[in-house]
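What follows is calculated from the coordinates using simple rules that are stated; it is not laboratory data. Keep in mind it's a predicted model, so treat the numbers as computed, not measured. Positions of Cβ are backbone-derived with ideal geometry, glycine not excepted, and every protein chain shown enters the neighbour counts.
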Amino acid sequence: MKQEHDAKSIRENLDIELAGVQFTEQLQKTVLDRACPPSFWNRELRIPGIAVVLVLCLCIVVPVIGWQRLTSSVYSPQTMAAKPELEGSDRLIMIAGGVYYESELLEGWPKEK
């Protein structure tokens, strides 16, 4: 019983002495900064959500548009390099993965070297 009374009185005395000292966030930050100063790699970054959304959209949209341009026949190097004049009834024929004009297959290509 006496031990409990002594422990309570010690605790009360300690509470009275330390009533003026409070460990605030500012004090906590100061102590932590002195204990281990923040290095370049241990910094907290705050990235706005809108920036993350924009970067993700760009990472998705740019490859999709690029793929569409690569696969479309309008932007292929063969159609942009030289557009031969079409004759009245010239048709496109697809053979073995290539596209040829019917007149070229029937008559051949001119020999220009």
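Quick notes on this structure:
- In terms of packing, defined here as the mean over residues of other Cβ atoms within 10 angstrom, the peptides 54-60, 18-24 line up highest first as 54-60, 18-24.
- Label point distance in nm, GLU107-ARG46, each placed 7 Å from Cα along Cα→Cβ: 7.3
- Under a model in which nothing but the beta-carbon of Lys, Arg (+1) and Asp, Glu (-1) is charged, the range 15-63 shows a dipole of about 360 debye around its Cα centre.
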